[in-house]
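Following: one structure in structure tokens, then a few remarks.
The values are calculated or read from the model by the stated rules, or taken from the named source; none is laboratory data. Because the structure is predicted, anything quoted here is derived from the model rather than measured. For neighbour counting, all protein chains shown are included, and Cβ atoms are generated from backbone atoms with ideal geometry for every residue, glycine included. These accessible areas exclude ligands, DNA and RNA; they are computed on the full protein's heavy atoms, side chains included. Shrake-Rupley method; radii C 1.70, N 1.55, O 1.52, S 1.80 Å.
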Amino acid sequence: MTADSTPSTVHPVDQRLPTGKLAALGLQHVLVMYAGAVAVPLIVGRALKLSPDEVALLISADLFCCGIATLIQALGATQFFGIKLPVMMGVTFASVAPMVAIANANPGQNGAQLLFGAIIGAGVVSILIAPLVSRMLRFFPPVVTGTIIAVIGISLMRVGINWIFGNPVGPTAPALVDPVYAKWLAEVTSPGSSIPAVPKGFAILPTVPNPKYADLSGFGVAALVLVSILLIVKYAKGFVANISVLLGIVIGAVVASLTGLMTYEKVGKAAWVDIVLPFHFGMPQFDPILILTMTLIMIVVMIESTGMFLALGEMTERKISQKDLARGLRTDGLGTLIGGVFNTFPYTSFSQNVGLVAVTGIKSRYVCVAGGIILIVLGLLPKMAALVESLPTVVLGGAGLVMFGMVAATGIRILSGVDFRNNRHNAMIVAVSLGIGMIPLIAPNFKQWMPHAIHSLIESGILLASIAAVLLNLFLNGAKHDESAVIAAAKQAEAH
């Protein structure tokens, strides 16, 4: 009698499944999020101009911290952290654009210290303001969050396109310094020359087309990855269709290996097991403007998480209280703080994994606990990180178009539920916010006559669009609270 009645008294969210089933379902969650999880350290590590070994270290640290943050969110830790729902935590794409801007302005170890200082600062602030953010839903209706997420996706597309054709700077830049000019400059400035020393910062403008830029073989690999993903989505079913991006990357890696674009020396040199240590790049530097920038991003991320938590509460039939929300949002902040300490990035609940809960119908949070343990193990295997780092950017470019495009499509999907017919103000909010968000993308030097202290704040189109959308919505629509609209928007976002 007791054995039969026990399952009925345990809420589906708290049910402990058999170990084998838990491991298989947990691995499915990991595979669904894996491509998105490793993309961010690849983007930011290369923007910081770190060595391949250091980029691999970022990947290991990212997977390790994904697992730690997932365990805290799904299991709970003290009365302050963990929403205790089936949630997988991962690096938020919303933070990529401002992190790349920081990295481009401050490459190398110094940039890493500034970046991780900003992330740690934003994590601390996020923990403190989590209860307040859980009450700020009225300022972030679907017309605002949909616009912000669409701008995030559009901004990230530049990264994916540069992965395919080559980067604006570096060995695959569109043009190179003319060797004749470079030879002449070296000769006239050699020791004993009567020519004055070259002024600090002097550089010859690139004038010769770079043969590596938009190379057709690389373009072909990227196209193959994209076509593979589309074919898998079209003809595969269930789990295989859910990991189409990951399978597309694997197919691209195989072809790149056969054509000599991908080699495995770094994988061979990497250790089998290693521990992720804090502050690898030295003690972080805390810049108030950069911390403010990352905090604003975290507020947007936490608002998005709030909608996901509410929708997940409906899916799992568990009522989410204000205290539950605050615990979940504090964990976003704690995950971000842990990320900054362990040389990685801001964390949030992954929407594709929330969607997987709806697809599979498995509501147990212990599935995500199993996924978190798998991520921690992967984070302790440097060979796995070195393998991911060895992927040519053209392989990632084909997948990047899908991943970043899906972010933009998620924003559009949320906006599809907004009332444009009866409220003409909503169209104005979207139109103006999108335009303002595109300014740094189209005119990156627009800020050249503005105070240098605010450059980090205004060079992110995402932040400009966020501020514009919130203020325009307040001005045109006021601050009406509609929880059902937020839940509906979150479900739209998870539909992919």
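Quick one: would you say ALA253 is in contact with a Leu (Cβ under 7 Å, 6 or more places away or on another chain) and open to solvent by less than 80 Å² (accessible area, probe 1.4 Å)? Before you say what the answer is, go through the steps one by one.
Numbers: in contact with a Leu (Cβ under 7 Å, 6 or more places away or on another chain): yes; open to solvent by less than 80 Å² (accessible area, probe 1.4 Å): yes.
Criteria met by ALA253.
Under the condition of being open to solvent by less than 90 Å² (accessible area, probe 1.4 Å) and not in a loop (DSSP other than H, G, I, E, B), which residue from region 197-218 is farthest from ILE164 (Cα to Cα)?
Ranking the candidates gives VAL208 first.
State whether one or more residues within region 137-146 are under 19 Å from the mean Cα position of the chain (by Cα) and either of a type outside the set (Lys, Arg) or over 22 Å from ASP53 (Cα atoms) (or both).
Applying the first criterion (under 19 Å from the mean Cα position of the chain (by Cα)) to region 137-146 yields 145-146.
From what's left, either of a type outside the set (Lys, Arg) or over 22 Å from ASP53 (Cα atoms) (or both): 145-146.
Yes.
Would you check if GLY461 is touching a Pro at 6+ places or on another chain (Cβ under 8 Å), open to solvent by 40 Å² or more (accessible area, probe 1.4 Å), touching a residue at least 60 places away in the same chain (Cβ under 8 Å) and within 15 Å of THR147 (Cα to Cα)?
Taking the combined requirement at face value, the residue does not satisfy it.
Among the residues of region 98-108 satisfying the criterion of being open to solvent by less than 30 Å² (accessible area, probe 1.4 Å) and either among the aromatic types (Phe, Trp, Tyr) or in contact with a Lys or Arg (Cβ under 9 Å, 6 or more places away or on another chain) (or both), which is farthest from LEU277 (Cα to Cα)?
Only one residue fits best here, namely ALA103.
With open to solvent by 10 Å² or more (accessible area, probe 1.4 Å) and either of a type in the set (S, T, N, Q) or part of a loop (DSSP other than H, G, I, E, B) (or both) as the only criterion, which of ARG413, ARG421 stands out?
Sole residue among the options that is open to solvent by 10 Å² or more (accessible area, probe 1.4 Å) and either of a type in the set (S, T, N, Q) or part of a loop (DSSP other than H, G, I, E, B) (or both): ARG421.
Please pick out the residue among GLY67, GLY111, GLY153 that is open to solvent by less than 30 Å² (accessible area, probe 1.4 Å), more than 30 Å from HIS452 (Cβ to Cβ) and either of a type in the set (Phe, Trp, Tyr) or outside any loop (DSSP other than H, G, I, E, B) (or both).
GLY67
From the list VAL276, VAL267, which residue is among the β-branched types (Val, Ile, Thr), buried (at least 16 other Cβ atoms within 10 Å of the Cβ) and not in a loop (DSSP other than H, G, I, E, B)?
None of the others qualify; the one that does is VAL267.
Among (1) modelled with pLDDT under 75; (2) surrounded by 13 or more Cβ atoms within 10 Å (Cβ to Cβ), which single condition is SER194 missing?
For SER194, the failing item is (2).
Mind listing just one residue for me: the one in region 54-64 that is among the aliphatic types (A, V, I, L, M) and open to solvent by 10 Å² or more (accessible area, probe 1.4 Å) and, of those, nearest to LEU334 (Cα to Cα)?
Within region 54-64, the match that is nearest to LEU334 (Cα to Cα) is LEU57.
Test each condition in (1) of a type in the set (Lys, Arg); (2) open to solvent by less than 30 Å² (accessible area, probe 1.4 Å); (3) modelled with pLDDT under 85 for LYS383 and report the one that comes out false.
(2)
Out of the residues in region 395-410 that are at pLDDT 80 or above and open to solvent by 20 Å² or more (accessible area, probe 1.4 Å), state the one that is nearest to LEU261 (Cα to Cα).
Per the stated criteria, the residue is LEU401.
Report, ordered by the first and then the second residue, all pairs with beta carbons closer than 6 Å, sequence separation of six or more or different chains, a first member in region 41-52 that is among the basic types (Lys, Arg), and a second member that is crowded, with 24+ Cβ neighbours inside 10 Å.
none
Assess whether LEU31 counts as being open to solvent by 10 Å² or more (accessible area, probe 1.4 Å) and either part of a helix (DSSP H, G or I) or without any contact (Cβ under 8 Å) to a residue 40 or more places away in the chain (or both).
yes
So which residues in region 72-97 are under 17 Å from SER305 (Cβ atoms), open to solvent by 10 Å² or more (accessible area, probe 1.4 Å), in a helix (DSSP H, G or I) and at pLDDT 85 or above?
ILE72
I'd like to know if region 123-138 contains one or more residues that are among the small types (Gly, Ala, Ser), in contact with a Pro (Cβ under 8 Å, 6 or more places away or on another chain), open to solvent by less than 10 Å² (accessible area, probe 1.4 Å) and assigned to a helix (DSSP H, G or I).
yes
In region 304-338, which residues are β-branched (Val, Ile, Thr), surrounded by fewer than 24 Cβ atoms within 10 Å (Cβ to Cβ) and either assigned to a helix (DSSP H, G or I) or free of Cβ contacts under 8 Å to residues at least 40 places away in the same chain (or both)? Steps first, please.
Filtering region 304-338 for residues β-branched (Val, Ile, Thr) gives 306, 316, 320, 331, 336, 338.
Add one more test, that the residue is surrounded by fewer than 24 Cβ atoms within 10 Å (Cβ to Cβ), and what stays is 316, 320, 338.
Listed by number, the residues that qualify are THR316, ILE338.
For region 289-299, state whether one or more residues are on the phi > 0 side of the Ramachandran plot, touching a residue at least 40 places away in the same chain (Cβ under 8 Å) and either hydroxyl-bearing (Ser, Thr, Tyr) or loosely packed, with under 14 Cβ neighbours inside 10 Å (or both).
There is no residue in region 289-299 that is on the phi > 0 side of the Ramachandran plot, touching a residue at least 40 places away in the same chain (Cβ under 8 Å) and either hydroxyl-bearing (Ser, Thr, Tyr) or loosely packed, with under 14 Cβ neighbours inside 10 Å (or both).
State which residue is farthest from the chain's Cα centre (by Cα) when the search covers only region 221-275 and only residues that are over 18 Å from PRO52 (Cα atoms) and aromatic (Phe, Trp, Tyr).
By that ranking, first place goes to TYR235.
Output the residues belonging to region 156-166 that are open to solvent by less than 20 Å² (accessible area, probe 1.4 Å) and out of contact with any Lys or Arg (no Cβ under 7 Å at 6 or more places or on another chain).
LEU156, GLY160, TRP163, ILE164
Whether any residue in region 167-181 is modelled with pLDDT of 80 or more, within 28 Å of the chain's Cα centre (by Cα), closer than 23 Å to VAL38 by Cβ and surrounded by 15 or more Cβ atoms within 10 Å (Cβ to Cβ) is what I want to check.
Checking region 167-181: not a single residue is modelled with pLDDT of 80 or more, within 28 Å of the chain's Cα centre (by Cα), closer than 23 Å to VAL38 by Cβ and surrounded by 15 or more Cβ atoms within 10 Å (Cβ to Cβ).
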